[in-house]
Structure formats: structure tokens, C-alpha cells
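The values are calculated or read from the model by the stated rules, or taken from the named source; none is laboratory data. Here the structure is a predicted model, which is why all the values come from computation and not from measurement. A quick note on method: Cβ atoms are made from the backbone with ideal geometry, for glycine too, and the neighbour counts reach across all protein chains shown.
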């Protein structure tokens, strides 16, 4: 089910919330037709009135102005909360906005959880680990790569093949789990900051993977030419 962030007039972004929750907030006069929403999966922004699934009353009731409104930076509860859009904010209690949990080894935001492959982790390996808060893992992987590389001098082609399979298996595991590892062990200002920084690592991952393939092919050709 699609989920949306609510972009409030105070500059805060609340949610994400699904359609039934948004409809409940409309019925409680917290979301107006002019309130801006942001698709949690695509980042597209649109007014609440543009969603055909939402139903607004023909006459929007005016919010009650408290004598001394309490303005806070946390989102509302279903029972009492701010009005998102052209209105006022009143007091509320329990938040629904997800906290920035990057670098805290905590839950991963759904928009990052949905990503299935990390090219930076796959193609850069130990270098990617070192720059994502996993220093010991990066050093350990580097030492393992050296050990696997030395297997060819001891076991010949069989050792080289075993070492390559082990290294490739580790790279695949990093590619599958890279996004979760990056968010849990490295600090980011926001989800948008995460995507900007990982785009650079995606390019580096492609380059690293291409260099690895070239090195592998070159090594095979050398061994064949030497008759080993």
C-alpha cells in the first residue's frame, strides 16, 4: 500500500502514513485539500486533493484556536494534534515521525529497506566497509583477501578457484545487505543525504567490479599461457 509523508507549514515532515490514516486525519480536520504530501517511495510531491483515494468534506470546518497554542516539532496522535496545511498547530502528545536512526544500529527506514542491491558494497568490498563505520570488518576482509590470494601459490589453479569463489560469495553478501549495513553503522543527516552519498559509491562499485573482472580474465590468460 502506498504511503505518504505530510509536509506541514512549519517545515516538518510527518509520517509516512497510509491512505486510511490520512483519511482519518482528514476527518479530524488535520489535513486540508491544500496540504502537500510526498510519496514515500518516489519522492513526488502533490496536494492532498490530488489523491483520488482521499475524500474531503464539502465544507471544511474551521479549526478551534486555543488561547495559547503549543507549537512543537513532534507529529500528532490520532486524538489530538496539529492541522497540516493552512491552519494552526495545537498541542499533541505521541509522535509518529520516524527518528533519524542512522549509525545507531537500529531499524532501517522503509525506503532504504526496499533497496535490494548495493553496488558500492559489492564492487568496493573492504574499502566500502572502511568508509561506512565498519573499520574492523574492512581490515578483516582485506586480510582475508590476501590469504585467499596466496592460496593459488600453494594449491595452484584449484586454490585460485576456491579463493575466487569465497571472495565472490562475500561480495554478493555485501551487495545484498549493503544498504542495511550502511544505515545502521554510518551516520547520515537524512534519508536524502543517504541516497546522495550512496550514488557516488554506486559509481565506484561499478568501476571496482569492472577492474576485478579485468584482473580475473588477465590472470586466467596468464596461467593458460604458462601452461599451469
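Numbers for the structure displayed
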| item | result |
| --- | --- |
| 3 or more residues surrounded by 14 or more Cβ atoms within 10 Å (Cβ to Cβ) and in contact with a helix residue (DSSP H, G or I) (Cβ under 6 Å, 6 or more places away or on another chain): qualifying helices (runs of 4 or more DSSP H) within region 94-200 | 119-124, 126-130, 135-155, 157-185 |
| Given (1) surrounded by fewer than 15 Cβ atoms within 10 Å (Cβ to Cβ); (2) modelled with pLDDT of 85 or more, number of the condition residue 58 does not satisfy | (2) |
